[in-house]
């Protein structure tokens, strides 16, 4: 009886080992085929076409640019309401209209995780360099390079001394100017410096793009204040801002195309 059981156990172990070897072989074969330059088999073409159709469906029906544009418009309107009538006239949104193009993220490598990513829309879709890229939660970055059917996006988490952003902190007593200078990947916070106003900055105050360098960026939501440091005998502040966007969980984005 024991011999029979041992024999059965050996057969089961052999079968398991055989299955594991087959799985490893198939994975190796599929990976090798994916990496070499070759013509795809019919089944692979069908799979790739189906995958492309699914992505298109998600962009068209699930990831709605309507919600994104509503959030952006609301952010801009709330900002503009705090400005005087003369400034609102000079920045009238009727002079420029925005179109929104949803795009899938097609490349986001660990090496450049906080600097850049690639999206599935290019100049064929009317995308131009320096177009703002957002999600429903706020600013993602700006288009830095454009190809026919793809674009590279410079993430705001890659901000540095050579590539700073002018921002506005919305306080109860008025708007306060600052410079988005650095992103700390350990804390997940932006550092805003050169805040010279005496207006009290509080936790939860919204931070938006000032639009000083490009009026079409004005009022785009960046994040909220979480803490601050006072220096130079209280004459200046360093503000730490939590971004609205979760940069570790991006699948789709929306590109703002400005039209006259």
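Quick notes on this one:
- Residue match in region 192-210 (condition: surrounded by fewer than 19 Cβ atoms within 10 Å (Cβ to Cβ) and either under 19 Å from the mean Cα position of the chain (by Cα) or closer than 22 Å to residue 117 by Cα (or both)): no
- Breaking point among (1) buried (at least 18 other Cβ atoms within 10 Å of the Cβ); (2) without any contact (Cβ under 8 Å) to a residue 60 or more places away in the chain; (3) closer than 29 Å to residue 109 by Cα, for residue 241: (2)
- Scope region 143-185; condition without any contact (Cβ under 8 Å) to a residue 60 or more places away in the chain, in a loop (DSSP other than H, G, I, E, B) and within 18 Å of the chain's Cα centre (by Cα); matching residues: 150, 159, 160, 163, 164
- Filtering 139, 117 for residues that are within 28 Å of residue 175 (Cβ to Cβ), at pLDDT 55 or above and in contact with a strand residue (DSSP E or B) (Cβ under 8 Å, 6 or more places away or on another chain) leaves a single hit, 139.
- So residue 257, is it surrounded by 17 or more Cβ atoms within 10 Å (Cβ to Cβ), over 28 Å from residue 120 (Cβ atoms) and either within 17 Å of the chain's Cα centre (by Cα) or modelled with pLDDT under 95 (or both): no
The values are calculated or read from the model by the stated rules, or taken from the named source; none is laboratory data. Being a predicted model, the structure only gives us computed values, none of them experimental. All Cβ positions, glycine included, derive from the backbone under ideal geometry; neighbour counts span all protein chains shown.
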